[in-house]
Amino acid sequence: MKPQARETLILILLFFAVLISRIPFIEYGYGIDPDSWRVASVANAIHTTKQYVASRLPGYPVQEITYALLPIKNATVYNFLTAFLSSLCVLYFAKFIKQLGFKHYLYPSIALAFVPIVYINSTNSMDYIWALCFIFISFYSAITQKYFLSGIFLGIATGCRITSAGMLLPLFFLIQYINTSTKNENYAKLFFGFFITSLIAFLPVVMKYGVHFFSYSTGSISALYIVKNMSIDIWGIFGFFGITFFSILLALQFFRTQKLKEFVNDKINQLSLIVIGLYVIAFAFAPYDAGYLIPIVPFVIILFTHNLSFKQSIFFLLTIALSSFFMGINTSDMPWSVKTLTPSYTMSIGQRAVDLNLIHGPIIKDRLQRIARDEYVKKVIDFISKVENNSVLVCGIWFTQLAVELHKPINDNIEEFNYFEQKNVVVRDVMDNESTSNYRKQNFPIYYLTGQDKNNFSLYKFSLKDFGANEVVF
């Protein structure tokens with residue numbers, strides 16, 4: 001077999017191996033993140049009304065409209081499309097680092113496919129992997145000197161997730177890295193392709209929401225939660241230990257060999273550090289979800305693989321890939337928590353019961369959580385169906401999934417409150433003091449799901465219990 005044909009076959013096998021690895025995990029809903037259910041809701045709304053509506057601002061129009069155009073609309077189809085794009089992402093990552101000069105490009109590519117944050121978000125309906133896929137098609141196009149095409153794909157990535165626009169700077173650096181005497185027209189080609197494509201992608205958003213579309217929801221989170229987002233939620237426990245160990249190892253090697261200057265001057269290291277720096281800084285302003293850091297994952301892999309010896313890099317890549325399958329962690333003190341599995345160790349962290357399981361890693365835990373949450377929502381729907389008097393149910397984080405399961409529309413995040421009516425029950429996400437008082441004056445019994453009184457208090461600084469609200473316990 002000729003080398004080129006052999007390489008093509010290897011890449012095809014890589015694509016299908018990654019895709020097959022996702023198939024067992026694409027069932028049981030659109031994902032744990034409520035935003036994945038919001039996407040499903042607006043896809044149906046766009047299909048029905050023929051008018052664009054954002055799942056949340058600043059809008060994710062490429063993904064939202066693509067789902068709306070699909071002839072079959074359900075979780076398995078949506079999740080399969082994400083899985084397909086994740087396989088394409090890994091394929092183009094492999095092609096890109098091969099162009100960078102990586103001889104053993106398959107190993108980092110396989111590891112990327114199984115980093116916990118990437119693996120999990122390859123099996124749900126979130127937009128993270130959609131954006132990453134088109135980012136790497138853009139990078140590959142740039143390194144093969146197809147600059148206008150690179151800009152188009154970065155524009156598509158931005159239409160999936162607006163923060164992808166941050167990759168413009170690394171792409172400009174990449175053009176300079178390819179050819180130090182490059183003409184300005186190459187930068188112009190990339191920027192023009194990006195500008196036109198992203199403008200077209202966001203045209204429905206601007207037409208719907210005007211110039212104020214660029215906004216996002218904020219909230220308060222603990223320092224412990226932020227640390228968790230930046231560490232084990234990305235790499236898993238096993239993988240985070242690997243990242244820490246090999247970081248120390250690299251630092252010692254640079255100190256011993258005095259090659260830090262060589263490290264800093266290396267163009268591949270500079271490219272990786274630019275991307276990592278950009279997205280870490282952006283995360284510092286909105287540290288709400290580990291998924292926001294997914295763009296740095298491939299470049300962390302590039303950075304370590306490029307600077308470690310071959311044997312060291314193999315061990316490094318094994319630790320982050322195997323982390324998806326070993327040492328899973330999950331809270332175990334809520335009605336929707338996964339039942340404690342054997343062997344497990346339960347500890348208390350931040351006043352929460354946390355279950356550590358050695359043989360059920362993050363991807364297995366994610367599947368079990370999706371099943372457990374699906375069962376919990378069924379119980380909530382059954383409760384709603386049995387309420388006889390006019391009542392109010394505050395359901396917080398469960399509002400989106402309940403709305404989708406009951407085929408109710410969801411407002412975008414321009415509106416302060418979300419609600420719908422089901423039989424005798426007004427189902428709300430949260431309630432302020434005024435609306436709570438109004439319902440009590442009408443003698444509406446108020447119920448809330450477990451944990452949502454605290455959630456409501458964090459937003460409006462009052463307890464639903466003070467108005468006689470009752471917790472719904474299953």
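The values are calculated or read from the model by the stated rules, or taken from the named source; none is laboratory data. Everything quoted here is computed from the prediction, not taken from an experiment. Cβ coordinates were reconstructed from backbone atoms using ideal geometry, including for glycine residues, and neighbour counts include every protein chain displayed. Please note that ligands, DNA and RNA were not included when accessible areas were found on the heavy atoms of the full protein model with its side chains. Shrake-Rupley method; radii C 1.70, N 1.55, O 1.52, S 1.80 Å.
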Apply the a/c threshold of 1.5 to the C-alpha gyration tensor of segment 431-474 and tell me whether it is rounded, prolate or oblate. oblate
Near the amide H of residue 426, under 5 Å away, which other amide H atoms are found, from residues 5 or more places off or on another chain, if H is placed in the peptide plane? 391, 392, 393
Normalising by the residue count of segment 1-107, find the relative contact order in percent from Cα pairs under 8 Å and 6+ residues apart. 31
For the chain, what does the accessible surface come to per residue with a 1.4 Å probe? Please give it in Å². 47
With every protein chain kept in place and a 1.4 Å probe, the residues 162, 268 fall, from largest accessible area down, as 162, 268
Measuring from the longest principal axis of the C-alpha atoms of the chain, the long axis of helix 147-160 (C-alpha) lies at a number of degrees, nearest 10, equal to 20
What are the principal axis extents of the Cα atoms in the chain, in Å, biggest first? 75, 53, 42
Would you mind checking the tilt of helix 3-22 against the longest principal axis of the Cα atoms of the chain, expressed as 0 to 90 degrees and rounded to 10? 20
At 1.4 Å probe size, what's the solvent-accessible area of residue 156? Round to the nearest 10 Å². 40
A 1.4 Å probe over the protein heavy atoms gives segment 26-109 a carbon and sulfur accessible-area percentage of 59
For segment 345-381 and segment 222-244, compute the distance between their C-alpha centroids and round to whole Å. 17
Beyond 18 Å (Cα-Cα) in this structure, taken from 103/259; 183/261; 95/146, we find 103/259; 183/261
Calculate one ³J(HN,Hα) per residue across segment 393-407 by plugging θ = phi - 60° into the Karplus curve 6.51 cos²θ - 1.76 cosθ + 1.60, and present them in order as whole Hz with x for glycine and proline. 10, 8, 10, x, 5, 8, 4, 4, 5, 4, 4, 5, 5, 9, 6
Can you tell me the 0 to 90 degree angle between the C-alpha axis of helix 362-386 and the longest principal axis of the chain, rounded to 10? 20
Largest-first ranking of 207, 230, 334 by accessible area, probe 1.4 Å, whole protein assembly kept, is 207, 230, 334
For the chain, which cysteines have no second Cys with its Cβ under 4.7 Å from theirs? 160, 395
Where both residues lie in the chain, what percent of DSSP beta bridges are antiparallel, nearest 5? 60
For residue 73, which lysines qualify as cross-link partners when the Cα separation must be under 19 Å and same-chain residues fewer than eight apart are set aside? 50, 408
Heavy atoms only, 1.4 Å probe, whole protein assembly: order 171, 358, 81 by accessible area, highest first. 358, 81, 171
What does the accessible area of residue 423 come to, in Å² to the nearest 10, when a probe of 1.4 Å is used? 130
Taking H placed 1.01 Å from N in the peptide plane, check which residues at least 5 places from residue 326 or on another chain put their amide H under 5 Å from its amide H. 361
Take the Cα coordinates of segment 1-150, assign each an equal point scatterer, and use the Debye formula without solvent to give log10 I(q)/I(0) at q = 0.15, 0.16 Å⁻¹. -0.80, -0.89
Could you state how much accessible area residue 379 has, in square angstrom rounded to the nearest 10, with a 1.4 Å probe and all protein chains kept in place? 100
Pull up the cross-link candidates among the aspartates and glutamates for residue 208, meaning alpha carbon to alpha carbon under 17 Å and not fewer than 8 places away within one chain. 64, 412, 415
